[in-house]
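Here is the structure we will look at, set down as structure tokens.
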Amino acid sequence: MIFYNPVSAGIKDWVFQLGLQAAGWSTAFIANTWIKEVLFDDLKQINTPTGIFQGVNDRVVLYPLAVSLKQGIKNAKLISFEQCGHFLFYDKLEAFNTEFVKFLRE
């Protein structure tokens, strides 16, 4: 789910246009590489404080992936947003901005 909360027709059209701008063949190619890629082996090498901002209702990047990233990255902080989809900066604008600034100041 891109958005959890209702959005205007203009916002829906903007997101649709973003999707049209991405070449379908390249999206399919990248998705196919994920099948062969070992995604989590390098996580333990990340030593930088990492903020993972995740909408609980995101159906593009599922919440369990964020939990796995948090478990795999030392010094990672998972900031979850309830009733929120993939575009969390839109669904939860104020909460996202507050949490983002708070993370940057830590």
Among what's in the stretch 70-88 and is small (Gly, Ala, Ser) and modelled with pLDDT of 95 or more, pick the residue that is farthest from Val15 (Cα to Cα).
Ala76
Those residues that are surrounded by 15 or more Cβ atoms within 10 Å (Cβ to Cβ) and among the polar types (S, T, N, Q), I need them from the stretch 69-81; list them, please.
Ser80
Please verify whether Asn57 is in a loop (DSSP other than H, G, I, E, B) and either closer than 20 Å to Cys84 by Cα or among the basic types (Lys, Arg) (or both), treating the condition exactly as stated.
yes
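Being of a type in the set (Ser, Thr, Tyr) and assigned to a helix (DSSP H, G or I) is the filter here, so list the residues in the stretch 6-33 that pass it. Write out each step before concluding.
Looking only at the stretch 6-33, we keep the residues that are of a type in the set (Ser, Thr, Tyr), and these are 8, 26-27, 33.
Result: Ser26, Thr27, Thr33.
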Return yes or no: is Lys12 among the basic types (Lys, Arg) and either over 22 Å from Phe96 (Cβ atoms) or in contact with a strand residue (DSSP E or B) (Cβ under 9 Å, 6 or more places away or on another chain) (or both)?
no
Quick check on my filter: what residues within the stretch 44-77 are small (Gly, Ala, Ser) and under 19 Å from Phe100 (Cα atoms)?
Gly51, Gly55, Ala66, Ala76
Residues located in the stretch 34-44, provided they are closer than 17 Å to Ala66 by Cα and part of a helix (DSSP H, G or I)
Trp34, Leu43, Lys44
Could you count how many residues in the stretch 3-49 are β-branched (Val, Ile, Thr), surrounded by 11 or more Cβ atoms within 10 Å (Cβ to Cβ) and touching a residue at least 12 places away in the same chain (Cβ under 8 Å)?
4
Failed condition for Thr48, given (1) part of a loop (DSSP other than H, G, I, E, B); (2) modelled with pLDDT under 90
(2)
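Listed here are the residues, each with its yes/no results for (1) surrounded by 19 or more Cβ atoms within 10 Å (Cβ to Cβ); (2) part of a helix (DSSP H, G or I).
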| site | (1), (2) |
| --- | --- |
| Val61 | no, no |
| Pro64 | no, yes |
| Gln83 | no, no |
| His86 | yes, no |
| Thr98 | no, yes |
| Val101 | no, yes |
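The values are calculated or read from the model by the stated rules, or taken from the named source; none is laboratory data. Note that the structure is a prediction, hence the values are computed from the model and not measured. Glycine also receives a Cβ, built like all others from the backbone with ideal geometry; neighbour counts cover every protein chain displayed.
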